[in-house]
Amino acid sequence: MPTPVQLYVFTDGACSGNPGPGGWGAILSARRGEEVVRERELSGGEALTTNNRMELLAAISALEALDRPSALTLITDSVYVRDGVTKWIFSWRRNGWRKSDGGAVKNEDLWRRLDAAAARHKVVWEWVKGHAGHPENERADGLARAGMAPFKPAKAEASLSRP
């Protein structure tokens, strides 16, 4: 009997300044053991955003890109996303999207989207330390930076003539 195909999603967000231009990246990887059967890369960005919004959009975009309900493992380097979706969201939802102190949930629009996108799937959420050499996390970071690139102002060229 062949090994079943498992779906992994690797996500990352990036921001130049916080707020500032930002980008997000995601890798959807179908694997049979160590063999990559199929892979898809996604990325995007915004002119004025925050790193947390880009981390959320990476996860949302990946989950929304799946054609049918799926069982998957989503790997993020964002403690904000991991804790938000595995710990905080339940009380936010119960409290009408308010925090325990009564204050508004930051990025409520994206948390609601992530909640809806994740509800279609059976997601195991995993955290990995960012910028620590994890190959797919580094690739997702590269996609996020590429998504941010069109929104970064061009650096002024240094003068070639110096006294």
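The values are calculated or read from the model by the stated rules, or taken from the named source; none is laboratory data. Just so we're clear, the structure is a prediction, and the values are computed from it rather than from any experiment. Every residue, glycine as well, gets a Cβ built from its backbone with ideal geometry; the counts of neighbours run over all protein chains shown.
Observations on the structure shown:
Yes/no per residue for (1) at negative phi; (2) in contact with a His (Cβ under 7 Å, 6 or more places away or on another chain); (3) surrounded by fewer than 15 Cβ atoms within 10 Å (Cβ to Cβ); (4) assigned to a helix (DSSP H, G or I):
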site: K106; (1), (2), (3), (4): yes, no, yes, no
site: L110; (1), (2), (3), (4): yes, no, no, yes
site: R113; (1), (2), (3), (4): yes, no, no, yes
site: A116; (1), (2), (3), (4): yes, no, yes, yes
site: K129; (1), (2), (3), (4): yes, no, yes, no
site: R139; (1), (2), (3), (4): yes, no, no, yes
site: R145; (1), (2), (3), (4): yes, no, no, yes
site: A149; (1), (2), (3), (4): yes, no, yes, yes
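Matching residues to (1) under 19 Å from the mean Cα position of the chain (by Cα); (2) among the hydroxyl-bearing types (S, T, Y); (3) closer than 20 Å to A30 by Cα; (4) at pLDDT 95 or above:
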| position | (1), (2), (3), (4) |
| --- | --- |
| E64 | yes, no, yes, yes |
| V85 | yes, no, no, yes |
| L110 | yes, no, no, yes |
| P150 | yes, no, no, yes |
| L160 | no, no, no, no |
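- Flag set for G96, criterion: out of contact with any Ser or Thr (no Cβ under 8 Å at 6 or more places or on another chain) and surrounded by fewer than 12 Cβ atoms within 10 Å (Cβ to Cβ).
- Any chance E34 is at pLDDT below 95 and either over 18 Å from T11 (Cβ atoms) or touching a Pro at 6+ places or on another chain (Cβ under 6 Å) (or both): yes
- The residues in segment 1-55 that are under 24 Å from A71 (Cβ atoms), outside any strand (DSSP E or B) and free of Cβ contacts under 8 Å to residues at least 12 places away in the same chain can be counted, and the count is 2.
- Looking only at segment 84-112, residues that are touching a strand residue (DSSP E or B) at 6+ places or on another chain (Cβ under 9 Å) and within 18 Å of T11 (Cβ to Cβ) come to 2 in all.
- Just one of (1) closer than 19 Å to A58 by Cβ; (2) outside any loop (DSSP other than H, G, I, E, B) fails for W92. It is (1).
- Any chance I60 is assigned to a strand (DSSP E or B), surrounded by 13 or more Cβ atoms within 10 Å (Cβ to Cβ) and among the β-branched types (V, I, T): no
- Top-ranked residue of segment 26-57 - restricted to ones that are in contact with a Gly (Cβ under 6 Å, 6 or more places away or on another chain) and not acidic (D, E), ranked as surrounded by the fewest Cβ atoms within 10 Å (Cβ to Cβ): G44
- Extreme residue, nearest to A149 (Cα to Cα), among residues of segment 27-43 that are out of contact with any Phe, Trp or Tyr (no Cβ under 7 Å at 6 or more places or on another chain) and aliphatic (A, V, I, L, M): L42
- Residue within segment 64-75 that is of a type outside the set (V, I, T), outside any loop (DSSP other than H, G, I, E, B), free of Cβ contacts under 8 Å to residues at least 24 places away in the same chain and surrounded by fewer than 15 Cβ atoms within 10 Å (Cβ to Cβ) present: no
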